[in-house]
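Quick notes on the structure that follows.
The numbers here are math on the coordinates, done by the rules we state, and not lab data. None of these values were measured; they are calculated from a predicted model. Here the Cβ positions follow ideal geometry from the backbone for every residue, glycine too, while neighbour counts run over all protein chains shown.
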Amino acid sequence: MICDRSLHRQGLPGVFSAGLLLSAYFALLTSAPRAPAQTFKIIHEFPWPDGSAQPAGGTVPGGLTLGPRGELYGVAQNGGEVPITGKAYCPQGCGIVYELSPVGTEWQFAVLHSFKNAPDGAFPYAPMILGTDGSLYGTTIGGGFHSDKCPSSYCGGTVFKLQPCSFHPCRSAETVLYRFPGGSAGEGPGFEAPVTFDDEGNIYGTTEGGGFFGGSCSSNTYGCGVVFELAPSAGDWRESVLYAFGDNAIGINPTAGVVFDKQGNLYGTTMASDVYQLSPSASGWNYNVLLTTPDEIQAGVILDNAGDIFGVAETGGQFDGGSAFEISAGGQISDICNFPDYGDSYLPGPAASLVMDAAGNLYGTTNQDGAYGLGTVFRLSPNGDSGTYTYTDLHDFSGPDGYSPLAPLVLDKHGNIFGTTYGGGPMLDATTYSFGVVFEITAN
């Protein structure tokens, strides 16, 4: 199927068309190319056997990171060892870091770290990144400070470093680099807000809360969010707020992180709802809006080698099912694919950032659409220089194979695709709970 490509008008993704066009688009999607079903494989499930005791192996997996030997590193938002102190804050565990190592045709699972709320954080979800020193760097949404020292229910959040061990079973060495104190310094790195490095080893990221307070940003003392930099200083890390989102026409509350271009500019998104650029200058960082939309954007953006920006909106688009869009290096904004609304207007489309392979193919997931209304994995393949993309449905989730893939996919050097689902799994039945899977779609 060739994706519909429509120019954005007045900064809004997509142009609504007549019912005849909508019916034709549904017919096209139904007949869209599909990868063979046998390419999909669950390589790990996060079960909850009796619905009461929290499993030490974690539940609700987040983003994945590919290691140098083909291993996968991931985080799970809940589970792990329930802390003695802060139990009320983490009654189902504060989350884990885990490793999946390929052993023959199977995968070996090992817990590398179990979060304790204070002092090391709680509820990791965003993908970690692999540093040049071989360590993993990640964030937790909450935790860090003890609850009596934290002004809001999110309790700050953290940026952490973890050095994976070379044998199992083990507990890897974890170091908290920074604990967000809330207030103007920001709090609560978002669900899809991994950190990134510059060439000098400084760390950049976003928080969903904190920063500016007032107007619509003052509810529950949460704030509008910030873009931050962490710089090493005398054996510690010092935070600088590069930009504090405000209660005005410009977007607020970034759930996604930031990425660099070759010139040192930063790019990101806000949930309400912009694609923005931060450009360094002698007087600080200048905020530039590249796209404003009423549609909900949860995911971040990616850049290709030419400086073109690619992203997804979870709602809206030409058919109300979300869209994938491109902002060219020259500034032209267009939808490269519009996804249909399958009847559920609650988070129907793509919620996770796209990933790109060396050939320029884009891979992503949708949250609650597809053949069973539980999400899909898809590929968008460019058709030469025409500016159009061919949509291929790689997998439709049905429940026992997982549902709601909310975290970004990762690709290995062989073209295999790995990802996680927020819930579901083979043990999903009336007596056994299943809270997500790690899956692999092998290259065709």
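Summary of values
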| item | result |
| --- | --- |
| Label-point separation in nm, residue 130 to residue 306, each point 7 Å along Cα→Cβ | 2.9 |
| Inter-label distance, nm, simple model (7 Å from Cα along the C-beta direction), residue 272/residue 88 | 2.9 |
| Cleavage-rule hits, GluC sites (Glu not before Pro), the stretch 184-293, DSSP coil, Cβ neighbours within 10 Å at most 14 | 200 |
| Cross-link reach list, lysines versus residue 87, counting only Cα pairs under 22 Å and skipping chain neighbours closer than eight places | 116, 149 |
| Peptide ranges 333-339, 305-311 listed from the most packed, as the mean C-beta count within 10 angstrom indicates | 333-339, 305-311 |
| Cα-projected label distance for residue 218 with residue 260, points at 7 Å along beta-carbon direction, nm | 3.9 |
| Proportion of all alpha-carbon pairs of the stretch 71-128 beyond 15 Å (%) | 47 |
| Stretchable slack from residue 184 to residue 412, in nm (0.36 nm times residue separation minus alpha-carbon distance) | 78.1 nm |
| Computed lengthening from residue 286 to residue 359, 0.36 nm per intervening residue step minus Cα-Cα distance | 23.0 nm |
| Residues in the stretch 351-369 reached by a label modelled at residue 383 [backbone nitrogen below 17 Å; 7 Å Cα→Cβ] | 361-362 |
| Neighbour-count order for 141, 203, fewest beta carbons within 10 angstrom listed first | 203, 141 |
| Theoretical gain in end-to-end length, residue 250 to residue 101 [0.36 nm per residue, Cα-Cα removed] | 49.3 nm |
| C-alpha center-to-center spacing [the stretch 176-215, the stretch 76-142] in angstrom | 19 |
